[in-house]
Amino acid sequence: MLFSKVIGHATLKAKLIGNIREGRVAHAQLFMGPRGGGNLPMALAYTRYLFCQERGAADACGSCPSCLQMNKLEHPDLHLMFPIFFTEKVKVCESFTAQWRKAVLAEPYLDVELWREQLESENKQLRMGVDIAQEIQRKLSLRSFMGGFKVMLIWLPELMDAPAANKLLKVLEEPEPNTVFLLVSTDAEQLLATILSRAQLTKVPALRPTDLAEALRERFPELNADESMAIALRSEGDLLEAADMANKGEEELFVFFRDWLRSCYKREVGAVVEFAEGFQKLGRERQKSLMKYGLYLIRQCALQWQQVPELVRVLGQEQEFVQNFSKLLNDANADPIRRELETAHLHIERNANPKILFTDLSYKMMGLLRASVTA
């Protein structure tokens, strides 16, 4: 991954390049950012530039032996650690490294759910145990093959169990010479505070709408400028979410959400049960996408209700929906509707039963929507 291939974040790229060129390379760095924002691509681009034998002022050369090896993530001084699902015989990453490389090369903005699909692990728990921490120690005891830096890239270190995290802490406290730890995380709150205190933080924010819209047009040439910008705004800077919307079509989510709310408003219990069954079939990530999309639409409705239409960013059918649904909002139900959708999203993340969750949400929405016209 070259810096030029990482979407947006121009200022951050310049800072990282400047640090390397000026010899300010911290031995432990935490690349922290939300899903789909680019923390893993940024860490990989940083690694390539660190290894590059013919560095340019703005990027790696892309053609030296080190760069050619990084094209396949097979540089001998790059060690990769990531969460796996354990079996009786396999408790370290080495058996899965080829699959992880394949997954990242196919989608550099990889997240845990895409990785789970690559492993075909269904609902098995992905984690890193003490055996992986020992593997880290063993690999770092080896000499640098190319005579320069060794990079230990640990993807999603928040999924380390306590014994592994404590063992990693000892390695961070006494690093080998010319060793660079790159921790790539989406949830720093799950990391040990002592690990956080020993790593230099690099915040990789969500993508700006303009950068994301441009990237979408490159991936999906059939999208026009308005469509790509609309998706970029709805995805809130998450490339994976935006790509999913573009792949499956935003209309699918819109129609489901609109028709479900209509059934809730009319208190059509039979229809609501059918929607709950449909929701269960969507899959966990798609269920989360629906809740996030619903929150986006409700925010647009709230802006319309508050009579600031210049801030409303919707087109076509969405615009019609916002104009109509905003009439049902008032001081008593606008915020409760938002809270219910946020709570449902949280419960999906915690693996709640989707059919029960959606049925319960539907009954609550029935009360909130009907109350809005009688208040």
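Nothing in this text is a laboratory measurement; each read-out follows from the coordinates by a stated rule. All values derive from a computational prediction rather than experimental measurement. Ideal geometry is used to build each Cβ from the backbone, glycine not excepted, and the neighbour counts take in all protein chains shown.
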query: Excluding GLY38 itself, what net charge comes from residues whose Cβ is under 15 Å from its Cβ, given Lys and Arg +1 and Asp and Glu -1?
result: 0
message: Return the equivalent ellipsoid semi-axes of region 150-265 as a descending list in whole Å, where each equals the square root of 5 times an eigenvalue of the C-alpha gyration tensor.
response: 40, 19, 11
query: So how many Å³ per residue does the convex hull of the Cα atoms of region 95-218 work out to?
result: 155 Å³
message: Can you pull out the trypsin sites (Lys or Arg not before Pro) in region 111-203 whose DSSP state is coil and whose Cβ has at most 12 other Cβ atoms within 10 Å?
response: ARG143
- request: For every helix of n ≥ 4 consecutive DSSP H residues, a contribution of -39,500 (n - 2.57) applies; sum these over the chain, divide by its total residues, and give [θ] at 222 nm rounded to the nearest 500 deg cm²/dmol.
  value: -17500 deg cm²/dmol
statement: Measuring from its Cα centre, the chain shows a charge dipole (+1 at each Lys and Arg Cβ, -1 at each Asp and Glu Cβ) which, in debye to the nearest 20, is 640 debye
message: Please enumerate, by chain and number, the aspartates and glutamates with C-alpha under 17 Å from the C-alpha of LYS15, excluding those fewer than 8 residues away in the same chain.
response: ASP59
field: the chain: angle of helix 10-21 to the longest principal axis, Cα-based, in degrees nearest 10
entry: 10 degrees
- prompt: Mind checking the dipole of region 249-374: about its Cα centre, +1 per Lys or Arg Cβ, -1 per Asp or Glu Cβ, Debye to the nearest 20?
  reply: 260 debye
- prompt: LEU142 to GLU117: FRET efficiency via 1/(1 + (r/R0)^6), r the Cβ-Cβ distance, R0 22 Å, to the nearest 0.05?
  reply: 0.10
- request: Sticking with the crude label model, points 7 Å out along Cα→Cβ, report the distance from GLN200 to ASN351 in nm, one decimal please.
  value: 3.8 nm
field: Rg(Cα) / (2.2 N^0.38 Å) computed for the chain, rounded to two decimals
entry: 1.11
Cα-centre dipole for region 75-192 with unit charges at Cβ (Lys and Arg positive, Asp and Glu negative), debye to 20: 480 debye
statement: Checking rank on 44-54, 95-105, with mean other Cβ inside 10 Å and highest first, the result is 44-54, 95-105
query: Which lysines, on any chain, are close to LYS167 with Cα under 20 Å apart, when same-chain ones fewer than 8 places away are left out?
result: LYS91, LYS139, LYS150
query: From the square roots a ≥ b ≥ c of the eigenvalues of the alpha-carbon gyration tensor of region 227-282, which class results: rounded (a/c under 1.5), prolate (a/b over b/c), or oblate?
result: prolate
- prompt: Which value, in Å to one decimal place, does the Kirkwood hydrodynamic radius take for region 249-374 when every pair of different Cα atoms is included?
  reply: 14.6 Å
field: Cα gyration tensor shape for region 3-203, rounded if a/c is under 1.5, else prolate or oblate
entry: rounded
task: Please figure out what share of the DSSP beta bridges in the chain is antiparallel and state it in percent, rounded to the nearest 5.
output: 5 percent
query: In nm, to one decimal, how far is the modelled label at LYS124 from the one at PHE220, with both set 7 Å along Cα→Cβ?
result: 3.3 nm
